[in-house]
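Each remark here refers to the structure printed beneath this line.
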There are 2 protein chains.
Amino acid sequence: MSVCEDCVVRNKAICGSLDDGELQIMNRIGHKQVLKAGQTFMWEGDESTVVANVIDGVLKLTNSLDDGREQIVGLAFPADFIGRPYQDNVKHTVTALTDTQICSFSRNGFEQFAHDHPNLEHKVLERTLDELDQARDWMLLLGRKTAAEKLATFLINMSERSADSSCATNFMPQNQFSLPFGRQQIADILGLTIETVSRQLTDLSKKSVVDLPGKRDIVIRDRDALVALANLQP
Amino acid sequence: MSVCEDCVVRNKAICGSLDDGELQIMNRIGHKQVLKAGQTFMWEGDESTVVANVIDGVLKLTNSLDDGREQIVGLAFPADFIGRPYQDNVKHTVTALTDTQICSFSRNGFEQFAHDHPNLEHKVLERTLDELDQARDWMLLLGRKTAAEKLATFLINMSERSADSSCATNFMPQNQFSLPFGRQQIADILGLTIETVSRQLTDLSKKSVVDLPGKRDIVIRDRDALVALANLQP
DNA sequence: GCAAAAGTTTGATCCAGATCAAAGAATCAA
DNA sequence: TTGATTCTTTGATCTGGATCAAACTTTTGC
């Protein structure tokens, strides 16, 4: 396995808090691992035995009901942390949306290492607090926004996330990007049906707010209009 | 200000990880504070300057849109931690639902203390991870459950939370409890309107699944039926 | 104890988004 | 290249929950 020095997400992931010596130890307990698109890394209810950093690719975190209804409760992009330390069972399913590379650790090994390196644990805390804020923001969307507002908010959000993962020096949101997933997945993120998602996107396209050159491609033509439609909270 | 030894939530709150000496230091930087029912502790977007432990009472965390639509994104019960360390602005409004007592710290003081006491920071991390799991569970409810399922899930959930705050030795969920809030608040938790909440509760009462002796009182008469209606994920 | 205010229930109606159905597009396999 | 599969769009219809409206209940203040 290659050393962390080569790791593309080294500076953005939690390991960014470690010095070279610490990184070597972490290196010893971590494993690079590949997931094919569609492959599930852990299932809701599973015993929590591994945690990982995403190196490349996108994963979805989902909760679902026994009749098949599914809600995507989070997305993990490169440098994000997945898995559940300090808890015996994981609460949501983690599935790769694209071919994915992760750097995984046994939960025990990770917890031990984190215990000895408060810097690392602090990074995990900061990340978790951010994710909690994001999850709570999303609750407003799920509980109170209309379908049109949901789609607009989603597109703005994705354009900002695409910016992060593309180029480290340029944090401008991208007005042109490709989604790592299809219409059904968008529906599962927004708490809508696939038909409603399709209709709303067609509407946005008819209004010339966005272009849809390919099935998964989005071009934002009128960002101000999209922001207005999103009704972002003040 | 009285010492932490008298504090009723001492063992359940994050300060439970501290020894007596540490607690005395924490005591020096903390202030007991009282909030009247309805009083807002911090506003969404405010500069983050204070954090606190809830000693007694219940608070709601909310996000809202400029046209008044509101979503309750969390509840804080005794021993819970509120506020946002490691971030310059808070992302949601925190408001007392009942008369409330909290133990508050300046964010700076708290962060400094946490930095010097990894045990405490670890407790905050564990709590934050739990809250994140809960928030994500709630996203499934908001995005995918029907009104009837939402009400049933809510009642089961509240009965379990009431158990915790009442008696430390007995963790049995209570079948009889009083809610710290009215119908509109329930609607804001579930992403429904007040009318729908009222109708669903009336239905449950007609089916003899619950009794509603007072405006804010709930008696669960048939817990199995309620669990079945809640469609809790497997 | 009584009027005013606030919160809750109930009824009638409406509509945003779901459901059902089928026709395109794109992708894939051989 | 073609047929099969999968995904997406579009159309028609239905319905759960919202909205509008009004009556009822509880709480509050004097």
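Structure notes:
- Between helix A:20-29 and chain A there is an angle of about 90 degrees, using the helix long axis and the longest principal axis of the Cα atoms.
- Förster radius 41 Å - calculated FRET efficiency between A:D19 and B:D130 (Cβ-Cβ, nearest 0.05): 0.85
- The dipole here belongs to the protein assembly as shown: it is taken about the Cα centre, uses +1 on the Cβ of Lys and Arg and -1 on the Cβ of Asp and Glu, and is about 1540 debye.
- Estimated distance in nm for a label pair at A:T98 and A:S205, the labels positioned 7 Å out from Cα along Cα-to-Cβ: 2.1
- Remark: the A:W43-A:D116 segment gains 23.4 nm on full extension, using 0.36 nm per residue and subtracting the alpha carbon distance.
- Three-way shape label, chain B, alpha-carbon gyration tensor, a/c 1.5: prolate
- Spatially, region A:86-144 and region B:18-62 are offset by 26 Å when compared through their Cα centroids.
- Across the copies of the chain, A:R223 has label points (7 Å from Cα along Cα→Cβ) spaced 5.4 nm apart, shortest distance listed first.
- Counted charge near B:L65, where neighbours are those whose Cβ lies closer than 13 Å (Asp, Glu -1; Lys, Arg +1): -3
- FRET efficiency, 1/(1 + (r/R0)^6) with R0 45 Å, evaluated for B:D56 and A:N89 via beta carbons: 0.90
- Other copies of A:D99: label-to-label distances in nm, shortest first, labels 7 Å along the beta-carbon direction: 6.6
- Assigned charges on the beta-carbon of Lys, Arg, Asp, Glu; chain A dipole about Cα centre (debye): 820
- With Cα atoms, 0 to 90° folded angle of helix B:194-206 axis to chain B main axis: 60
- Each other copy places its own label point for A:D6 at 6.4 nm from this one, sorted shortest first, where the point lies 7 Å along the Cα-to-beta carbon line.
- The calculated 222 nm mean residue ellipticity attributable to helices in chain A amounts to -13000 deg cm²/dmol, summing -39500 (n - 2.57) over DSSP H runs of n ≥ 4 and dividing by all residues.
- A:A147-A:D66 FRET efficiency (beta carbon distance; Förster radius 22 Å; 0.05 resolution): 0.25
- Cut-off 12 Å between beta-carbons: net charge of the residues surrounding B:N53, Lys and Arg +1, Asp and Glu -1: +3
- Under the Karplus curve 6.51 cos²θ - 1.76 cosθ + 1.60, θ = phi - 60°, whole-Hz ³J(HN,Hα) for region B:223-233, x wherever Gly or Pro sits: 5, 4, 4, 5, 4, 4, 5, 5, 6, 5, 5
- Estimated dipole of region B:4-139 in Debye, rounded to 20 [Cβ of Lys and Arg +1, of Asp and Glu -1, Cα centre]: 200
Here, each number is a calculation from the coordinates, and none is a lab measurement. As the structure is a computational prediction, the values presented were derived from the model and not from experiment. Every residue, glycine among them, receives a Cβ derived from its backbone with ideal geometry; neighbour counts consider all protein chains shown.
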